[in-house]
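Have a look at the structure below, then the notes.
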Amino acid sequence: MASTQAHYALITGASRGIGAAFAKRLASEHQPLILVARDRESLETLKDELSRHYGIPVHVLVADLTQAGAAREIHAACKSHGWPVALLVNNAGMGRFGDLLGHPLEDYRGMISLNVQAPVELTHLFLADMRDAGQGEIINVVSMAAFQPTPYLAVYGASKAFLLSFSEAVAAECFGTPIRILALCPGATRTHFFQAAGLSNAAILETSTMQTAEAVVDAALCALRSGKIRCVPGRLNRLMAVMGRLGGGRLKLWLTARAIKRSFGLGER
Ligand SMILES: NC(=O)c1ccc[n+]([C@@H]2O[C@H](COP(=O)([O-])OP(=O)(O)OC[C@H]3O[C@@H](n4cnc5c(N)ncnc54)[C@H](OP(=O)(O)O)[C@@H]3O)[C@@H](O)[C@H]2O)c1
């Protein structure tokens, strides 16, 4: 980079899981970091570990991204502290397993705010700075759930379908500029996601073929750096993504519903 000022990677949902894996991997490349989530203690612990080990600037911003105005506050804090963001990782997200009426409407409002509204707002705010700076990268953490309707994860799947469409549309608007945008679409990944989504049947989760957060991050950074706009980590996941796009109608939906129910032990609850 031309200037000597530190340029930061800002990662939402950095307190654990895929977000923390992004932070560790980028820190190992001596990338200054801004870590965002609600759990201050986890963020401070990670900050101490990474800044001590790699000698890089690491800052913590505690924010609940379901709250109106949170994205603007994060952007304003970066501006006022003089932390230019060269890489934005919109990673924070949540799901809820079960049929639609199994959870209160308020849960879905929060999910839509976190999975849809926050990445749109953060992209809008930081993309404007990146355009002015003539450089920048954004990774939106989507999901394979974006590729087809997902019964028993209906709002989650729809939120990720929105995010995939949004990411790729804005990526196209940036073609021919130095700004790169990647939609990262992981399959099942071993993190706290499933427990947070209300799935406590750990036995089923242990036997499934999940990727590690580190493998997902490696694939994402490799794809971003080779100019791709979409990354589905893992060969089997890529095959399933293609199959998810095929056909439609009641039979496919019935089969999908059955597969999701069985995979996550929903019928047994
Ligand atoms: N794990 C999978 O199988 C999988 C598959 C496909 C896509 N994904 C996507 O990957 C992303 C990361 O998930 P993960 O698997 O790493 O799950 P995770 O372990 O549950 O981590 C979620 C992160 O989001 C943060 N977060 C949750 N609610 C938040 C809020 N209201 N405001 C700010 N931050 C919040 C959490 O931190 P705090 O609790 O400290 O706020 C945590 O750091 C999500 O977008 C998810 O949809 C996951």
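The values are calculated or read from the model by the stated rules, or taken from the named source; none is laboratory data. Keep in mind it's a predicted model, so treat the numbers as computed, not measured. Ideal geometry is used to build each Cβ from the backbone, glycine not excepted, and the neighbour counts take in all protein chains shown.
Listed here are the residues, each with its yes/no results for (1) assigned to a helix (DSSP H, G or I); (2) within 13 Å of the chain's Cα centre (by Cα); (3) at negative phi; (4) within 13 Å of the ligand (Cβ to nearest atom).
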position	(1), (2), (3), (4)
113	yes, no, yes, yes
118	yes, yes, yes, yes
125	yes, no, yes, no
146	yes, yes, yes, yes
160	yes, yes, yes, yes
Cβ pairs under 7 Å, 6+ apart, first in the stretch 50-69 and charged (D, E, K, R), second buried (at least 18 other Cβ atoms within 10 Å of the Cβ)
64/70
Could you check how many residues of the stretch 149-158 are outside any loop (DSSP other than H, G, I, E, B) and under 17 Å from the mean Cα position of the chain (by Cα)?
4
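Among the listed residues 169, 133, 197, identify the single one that is out of contact with any Ser or Thr (no Cβ under 7 Å at 6 or more places or on another chain), over 18 Å from residue 240 (Cβ atoms) and within 12 Å of the ligand (Cβ to nearest atom).
On the way: 169 fails: within 12 Å of the ligand (Cβ to nearest atom); 133 fails: within 12 Å of the ligand (Cβ to nearest atom).
After applying the criteria, what remains is 197.
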Only one of 183, 171, 215 that is buried (at least 19 other Cβ atoms within 10 Å of the Cβ) and assigned to a helix (DSSP H, G or I):
171
Condition met for residue 106 (within 16 Å of the chain's Cα centre (by Cα) and more than 12 Å from the ligand (Cβ to nearest atom)):
no
All but one of (1) more than 30 Å from residue 252 (Cα to Cα); (2) more than 13 Å from the chain's Cα centre (by Cα) hold for residue 165; which doesn't?
(1)
Considering each of 126, 147 in turn, give the residue that is touching a strand residue (DSSP E or B) at 6+ places or on another chain (Cβ under 9 Å) and either more than 16 Å from residue 175 (Cα to Cα) or not aliphatic (A, V, I, L, M) (or both).
126
Filter the stretch 200-223 down to the residues that are at pLDDT 95 or above, over 11 Å from residue 234 (Cβ atoms) and within 12 Å of the ligand (Cβ to nearest atom) and list them by number.
213, 214, 217, 220
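Hey, can you tell me all the residues within the stretch 19-42 that are touching a Ser or Thr at 6+ places or on another chain (Cβ under 6 Å) and buried (at least 24 other Cβ atoms within 10 Å of the Cβ)? Break it down stepwise before answering.
If we filter the stretch 19-42 for residues that are touching a Ser or Thr at 6+ places or on another chain (Cβ under 6 Å), which is where we start, we get 36-37, 39, 42.
Across the stretch 19-42, the qualifying residues are 36, 37.
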